[in-house]
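Trainee: Take a look at the following structure, please.
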Amino acid sequence: MPRWLAYTLTCIAIWGFWGLVSAVVAREVSPLATQIVSTLGVVPAALLLFLSSGWRQGTNLKLGIVLAALTSLSGTAGNLCMLRALSLDGPVSIVLPVAGMFPLITALMAMLLLGERLNRVQIAGFFLAAAAIYLCGQAPGASAMEALRGIRTEMLTTPWMLWTFTALATYGVSAYLQKITTFYCSSELSTIVFAMVWIPVAIGIWLLVPGLSLKLSTTGWVLSVLFGALIGVGSLVTFAAYRWGKASVVTPILGLYPALTVVLAVPLLKEPIGAVRAISVVLALAAGAALGCESDQTAKSVAAPEACALGEQES
């Protein structure tokens, strides 16, 4: 098996499991408390990149650091929105795939601000994303005939869905900022800054949010640290996948990680998933993968949700 493929498949496993942990931790711990505690998991893994000889490379390190910090802040906002959506009983089978369509926002911003042209696969991804969002507007368990009668806007304006759309937008902005960051500094330095920004963010939340308690259960602490550790380790493995493989190939494959989360969540969290919802999940996954298909000339390092999500991804 090629090295890049091994790393990529490992990334899918890590981010897929991270999605499941996100759903579980959202039931145990508030999003803000999770953000603070997860710092203990994110930072140590990223610091290993200081061992890389290329972390100081770049054309404008100061600007790169500023952009990487903004990437981290917007990515953190995406994490908080996603956790909020899940804490409001948003189904993992919808929240993760829809938020995972963030390349939709990134592609639009690159087209409008950088003058990039969309290829045919990305254009198809826009139509797939529209179809996925349309089907998300159907009630759980809706039949195919009911789905064809029209979109139910009330389903798209539920609190958890609005938080999901906000996560989609902020993850997209974060990915775009990381795309710009790689013009000025190395992916290693970008990842390090991404992680280090979590420290002042955690301190700021602790000082500025009155009444926030970190008196968590043992399970809450373990889940929160694991949430962060998976982001940190996932970022390292994602970096390795891009180091050995082509971004134009790795990115679409990585975009399928929510599929693993859905496969795990349905039986473990006992989430119901009807035919229409299953189709919307498939369309959302296909849209995220298609929108991430860039040519080798334009594909650059992009932070996920993961990483982004979520952690760091490339687009």
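The values are calculated or read from the model by the stated rules, or taken from the named source; none is laboratory data. Note that the coordinates shown come from a computational prediction; the quantities given were computed from them, not determined experimentally. Backbone-built Cβ (ideal geometry, glycine too); neighbour counts: all protein chains shown.
Trainee: Quick test of your reading of the structure: Trp163 fulfils all but one of (1) at pLDDT below 85; (2) crowded, with 23+ Cβ neighbours inside 10 Å. Name the failing condition by number.
Mentor: Looking at each condition in turn, Trp163 falls short on (1).
Trainee: Pairs under 7 Å by beta carbon, first residue under 29 Å from Thr181 (Cα atoms) in segment 192-220, partner surrounded by 13 or more Cβ atoms within 10 Å (Cβ to Cβ) and among the acidic types (Asp, Glu), six or more apart or different chains?
Mentor: Phe194/Glu312
Trainee: Might you let me know whether segment 191-203 holds any residue that is farther than 20 Å from Gly64 by Cβ and surrounded by fewer than 24 Cβ atoms within 10 Å (Cβ to Cβ)?
Mentor: Taking segment 191-203 first, the residues farther than 20 Å from Gly64 by Cβ are 202-203.
Then drop every residue that is not surrounded by fewer than 24 Cβ atoms within 10 Å (Cβ to Cβ), which leaves 202-203.
Yes, segment 191-203 has at least one match.
Trainee: Which ones in segment 114-126 are part of a helix (DSSP H, G or I), free of Cβ contacts under 8 Å to residues at least 40 places away in the same chain and of a type outside the set (Val, Ile, Thr)?
Mentor: Arg120
Trainee: Taking the condition loosely packed, with under 14 Cβ neighbours inside 10 Å, under 27 Å from Gly292 (Cα atoms) and modelled with pLDDT under 85, does Arg117 pass? Reasoning before the result, please.
Mentor: On the way: loosely packed, with under 14 Cβ neighbours inside 10 Å: yes; under 27 Å from Gly292 (Cα atoms): yes; modelled with pLDDT under 85: yes.
It is true that Arg117 is loosely packed, with under 14 Cβ neighbours inside 10 Å, under 27 Å from Gly292 (Cα atoms) and modelled with pLDDT under 85.
Trainee: Also: Under 8 Å between Cβ atoms, at least 6 apart or on separate chains: pull out the pairs that start in segment 101-113 with a residue that is in a helix (DSSP H, G or I) and surrounded by fewer than 15 Cβ atoms within 10 Å (Cβ to Cβ) and end on any residue that is at pLDDT 85 or above and not hydrophobic (A, V, I, L, M, F, W, C).
Mentor: Matching pairs, first to second residue: Leu113/Tyr176.
Trainee: Yes or no: Leu51 out of contact with any helix residue (DSSP H, G or I) (no Cβ under 9 Å at 6 or more places or on another chain) and either closer than 30 Å to Cys185 by Cβ or without any contact (Cβ under 8 Å) to a residue 24 or more places away in the chain (or both)? Break it down stepwise before answering.
Mentor: On the way: out of contact with any helix residue (DSSP H, G or I) (no Cβ under 9 Å at 6 or more places or on another chain): yes; either closer than 30 Å to Cys185 by Cβ or without any contact (Cβ under 8 Å) to a residue 24 or more places away in the chain (or both): yes.
Yes: the conditions hold for Leu51.
Trainee: Now, a different point. Does segment 58-68 contain any residue that is within 17 Å of the chain's Cα centre (by Cα), buried (at least 19 other Cβ atoms within 10 Å of the Cβ) and in a helix (DSSP H, G or I)? Write out each step before concluding.
Mentor: Within segment 58-68, the first condition is being within 17 Å of the chain's Cα centre (by Cα), and the residues that meet it are 68.
In the following step, the residues that additionally are buried (at least 19 other Cβ atoms within 10 Å of the Cβ) were identified as 68.
Filter once more, keeping what is in a helix (DSSP H, G or I): 68.
The answer is yes, given that some residue of segment 58-68 is within 17 Å of the chain's Cα centre (by Cα), buried (at least 19 other Cβ atoms within 10 Å of the Cβ) and in a helix (DSSP H, G or I).
Trainee: Take segment 28-57 and flag every residue that is surrounded by fewer than 16 Cβ atoms within 10 Å (Cβ to Cβ), polar (S, T, N, Q) and under 25 Å from the mean Cα position of the chain (by Cα).
Mentor: Residues satisfying the conditions do not exist here.
Trainee: Another question, if that's okay. Only one of these is crowded, with 21+ Cβ neighbours inside 10 Å, modelled with pLDDT of 85 or more, touching a Leu at 6+ places or on another chain (Cβ under 7 Å) and over 17 Å from Trp4 (Cβ atoms): Gly232, Gly228. Name it. Lay out the reasoning, then the answer.
Mentor: Values: Gly232 fails: touching a Leu at 6+ places or on another chain (Cβ under 7 Å).
That would be Gly228, the only listed residue that is crowded, with 21+ Cβ neighbours inside 10 Å, modelled with pLDDT of 85 or more, touching a Leu at 6+ places or on another chain (Cβ under 7 Å) and over 17 Å from Trp4 (Cβ atoms).
Trainee: What are the pairs with Cβ atoms under 7 angstrom where one residue, in segment 74-90, is in contact (Cβ under 8 Å) with a residue 24 or more places away in the chain and surrounded by fewer than 24 Cβ atoms within 10 Å (Cβ to Cβ) and the other, located anywhere, is of a type outside the set (S, T, N, Q) and in a loop (DSSP other than H, G, I, E, B)? Sequence gap at least six, or different chains.
Mentor: Matching pairs, first to second residue: none at all.
Trainee: Looking only at residues in segment 10-20 that are hydrophobic (A, V, I, L, M, F, W, C) and either surrounded by 17 or more Cβ atoms within 10 Å (Cβ to Cβ) or free of Cβ contacts under 8 Å to residues at least 40 places away in the same chain (or both), which one is nearest to Ala241 (Cα to Cα)? Give the derivation first.
Mentor: Within segment 10-20, the subset hydrophobic (A, V, I, L, M, F, W, C) is 11-15, 17-18, 20.
Checking which are either surrounded by 17 or more Cβ atoms within 10 Å (Cβ to Cβ) or free of Cβ contacts under 8 Å to residues at least 40 places away in the same chain (or both) leaves us with 11-12, 14-15, 17-18, 20.
Details: Cys11: 8, Ile12: 11, Ile14: 13, Trp15: 13, Phe17: 18, Trp18: 18, Leu20: 22 Å.
Taking the candidates together, the pick is Cys11.
Trainee: Shifting gears a bit: Do we find that Lys270 is among the basic types (Lys, Arg), over 27 Å from Ser38 (Cα atoms) and modelled with pLDDT of 75 or more in this structure?
Mentor: Working: among the basic types (Lys, Arg): yes; over 27 Å from Ser38 (Cα atoms): no; modelled with pLDDT of 75 or more: yes.
No, not satisfied.
Trainee: Sticking with this one: How many of the residues making up segment 249-279 are part of a loop (DSSP other than H, G, I, E, B) and in contact (Cβ under 8 Å) with a residue 12 or more places away in the chain?
Mentor: So in segment 249-279, the residues part of a loop (DSSP other than H, G, I, E, B) come out as 255-256, 269-274.
Then keep just the ones that are in contact (Cβ under 8 Å) with a residue 12 or more places away in the chain; that gives 255-256, 269, 271-274.
Number satisfying all stated conditions: 7.
Trainee: Among the residues in segment 211-219, are any among the aliphatic types (A, V, I, L, M) and assigned to a helix (DSSP H, G or I)?
Mentor: Here is the first cut: in segment 211-219, the residues among the aliphatic types (A, V, I, L, M) are 212, 214, 216.
Then keep just the ones that are assigned to a helix (DSSP H, G or I); that gives none.
Checking segment 211-219: not a single residue is among the aliphatic types (A, V, I, L, M) and assigned to a helix (DSSP H, G or I).
Trainee: Then there is this: Being more than 15 Å from the chain's Cα centre (by Cα), within 26 Å of Arg277 (Cβ to Cβ) and in a helix (DSSP H, G or I) is the requirement here; does Val222 meet it?
Mentor: On the way: more than 15 Å from the chain's Cα centre (by Cα): yes; within 26 Å of Arg277 (Cβ to Cβ): no; in a helix (DSSP H, G or I): yes.
Against the criterion (more than 15 Å from the chain's Cα centre (by Cα), within 26 Å of Arg277 (Cβ to Cβ) and in a helix (DSSP H, G or I)), Val222 does not qualify.
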